[in-house]
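Note sheet for the following structure.
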Amino acid sequence: MSSTVFDSLLFRDMFGTAAMRAVFTDEALVGRYLEAEAALARAEAKLGLIPATAGEKIDAVSRSIEIDFERLRHETEIVGYPILPLVHQLSEAAGDAGGFVHWGATTQDIMDTANVLQIRAALDLVEADITALQDILAKLAQRHRDTPMAGRTHLQQALPVTFGYKVAVWLSSIDRHAARLAGIRERVLFGEFSGAAGTLASIGEGGLDVQAAYCAELGLAQPPITWHVARDGIAEVICYLGLVTGSLAKIATDVMLMMATEFGEVSEPFVHGRGASSTMPQKRNPISCELILAAAKSVRQQVATALDGMIHDFERATGPWHLEWIAIPESFILTASALANARYMLDGLVVHEARMRANLDLTGGLIVAEAVMMAAAPKLGRQHAHDVVYEACRVAIEGAKKLADVLKANPDVVDALGGPEAVEHACDPVNYLGLSAEMTDRVVAGRA
């Protein structure tokens with residue numbers, strides 16, 4: 001019986017993806033434990049620390065063993081950790097070589113290494129989604145480079161922008177997340193093999209060589225020193241997922257608001273029945289946006305958990321480490337959900353350009369009052385131009401008139417701008433888009 005959204009038959013594909021869940025199943029995790037144990041045996045055999053035949057046997061058995069998961073669960077509950085119970089089964093299966101399983105290692109060595117192997121695989125999935133999302137956003141930004149719409153501050157119309165500019169702002173944050181990944185891999189993808197207190201006393205002379213060989217077997221970097229209680233790398237990964245989902249939530253918030261009936265500027269892709277209401281046939285709810293927001297809010301809580309989990313006591317902790325067992329898989333699965341929903345939603349986003357233009361014209365030109373002021377300022381002086389346009393805006397609002405019509409009744413403004421046609425030009429929002437298009441081009445070109 002399922003008990004959470006992560007394993008629910010109803011909700012699991014709304015709050016995760018099959019690919020990411022596969023990285024964090026019990027079978028996959030135990031497989032990573034075995035992978036680490038096998039790599040350790042191979043490395044130690046190559047360096048003569050254990051017999052070559054033992055290394056070969058342990059390596060072979062780790063690939064073929066059928067784990068008794070019920071026994072593993074039962075013993076794990078007793079011990080508190082799964083490695084000793086796993087070592088029991090692996091040693092039994094290895095026969096005479098069983099005495100060399102887990103040689104010189106401690107439980108956390110194997111569990112930390114397994115978690116890093118999971119993180120590496122999970123980051124590959126995240127990277128693939130981010131790359132796809134970059135392409136989707138770049139195409140959307142280019143397509144709507146010159147599509148005018150109202151820019152809004154404090155939920156009020158402020159100045160005109162283009163939809164491409166808005167999308168390019170979204171893209172810029174996703175581009176930074178792509179760049180951050182390389183640094184994270186360098187700082188986080190370390191193996192762990194240090195022994196009980198982290199000093200490799202169980203191996204002694206040559207211990208660092210064994211550690212290096214072990215990490216090389218797994219394709220991981222050798223750490224400069226033990227990181228049993230230095231958890232900044234794990235915390236950074238989860239904070240990174242918080243940043244990614246935070247950016248996706250910003251995009252989802254914009255799209256969700258723009259989908260509101262009163263805005264009507266975009267729509268999520270249409271699929272029959274998606275976003276439907278049980279009572280209101282006209283509804284087309286922003287389901288993808290809602291799921292992205294839910295995932296982002298949930299990952300944010302795991303960020304706090306990971307930061308709390310950094311506070312370890314002495315050389316091995318008494319509990320903070322366990323927080324990572326919760327935070328790592330949940331954060332990645334939720335992030336996968338947010339990325340998948342963002343890809344689906346943005347790749348099929350329906351842009352209602354006519355509605356964007358209609359909304360831009362809602363204020364009858366008031367949205368470009370600044371443009372008129374700046375155009376008149378060289379002749380009238382900035383402050384006087386401000387006061388004149390301010391009064392014209394008041395008259396336009398109170399009289400429900402177009403700003404251009406009010407301004408054309410003022411000879412000083414007409415003269416300052418160069419005639420009635422110039423007033424009309426200054427009051428047309430599409431003529432005051434600033435460098436929206438150029439900035440969009442810079443972001444898109446920066447990916448080439």
Toy charge model, Lys and Arg Cβ at +1, Asp and Glu Cβ at -1: region 69-116 dipole around Cα centroid in debye, rounded to 20, equals 40 debye
So how much slack lies between SER202 and ALA400, counting 0.36 nm per residue of separation and subtracting their Cα-Cα distance, in nm?
62.8 nm
Rounded to the nearest 5, the percent of DSSP beta bridges in the chain running antiparallel is 90 percent
Share of carbon and sulfur in the accessible heavy-atom surface of the chain [1.4 Å probe, %]
57 percent
Most to least packed among 72-82, 244-254 [average Cβ atoms within 10 Å]:
244-254, 72-82
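Fully extended, how many nm does the chain gain between ARG355 and ASP415 (0.36 nm per residue separation, minus their Cα-Cα distance)?
18.2 nm
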Looking at the chain, which longest stretch skips every one of the chymotrypsin sites (Phe, Trp or Tyr not before Pro) that is in a DSSP loop with at most 12 other Cβ atoms within 10 Å, leaving the sites themselves out?
1-269
Accessible area (Å², per residue) of region 60-102, counting only protein heavy atoms and a probe of 1.4 Å:
56 Å²
Taking H placed 1.01 Å from N in the peptide plane, check which residues at least 5 places from THR147 or on another chain put their amide H under 5 Å from its amide H.
PHE163, GLY164
Can you compute the helix-only [θ] at 222 nm over the chain? Use -39500 (n - 2.57) per DSSP H run of at least 4 residues, normalise by all residues, nearest 500 deg cm²/dmol.
-21000 deg cm²/dmol
Distant-in-sequence amide H partners of ALA158 (H built 1.01 Å from N, under 5 Å)
GLY151, ARG152, THR153
Hits for the chain under the membrane-span-like helix rule (DSSP H, Cα axial span at least 24 Å, Kyte-Doolittle mean at least -1.0) are 26-46, 107-143, 163-188, 232-258, 287-308, 320-347, 382-399
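Suppose the chain between ILE65 and HIS154 were pulled fully straight at 0.36 nm per residue; how much longer would it get relative to their current alpha carbon spacing?
Gain in length upon complete extension: 25.9 nm.
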For LEU307, what is the net charge nearby, where nearby means another residue's Cβ is under 13 Å from its Cβ and Lys, Arg count +1, Asp, Glu -1?
-2
With +1 at each Lys and Arg Cβ and -1 at each Asp and Glu Cβ, the charge dipole magnitude of the chain around its Cα centre, to the nearest 20 debye, comes out at 1400 debye
Count the lysine pairs in the chain whose Cα atoms lie under 24 Å apart, taking only pairs 8 or more positions apart in sequence or on different chains.
9
Between PHE314 and ASP135, what FRET efficiency follows from the Cβ-Cβ distance if R0 is 56 Å, with the result rounded to 0.05?
0.70
Top of GLY16, GLY233, GLY48 by mean-square fluctuation, Gaussian network on the chain, Cα under 10 Å:
GLY48
Once you compute Rg and the Kirkwood Rh from C-alpha atoms, what is the Rg to Rh ratio for region 1-113?
1.06
Using alpha carbons only: equivalent-ellipsoid semi-axes of region 266-397, gyration tensor based, whole Å:
49, 28, 12
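The values are calculated or read from the model by the stated rules, or taken from the named source; none is laboratory data. Not measured: the values here are computed from a predicted model. Heads up, the Cβs are rebuilt from the backbone with ideal geometry, glycines too, and the neighbour counts pull from every protein chain shown. Surface accessibility is based on the protein's heavy atoms, side chains included, excluding ligands, DNA and RNA. Shrake-Rupley method; radii C 1.70, N 1.55, O 1.52, S 1.80 Å.
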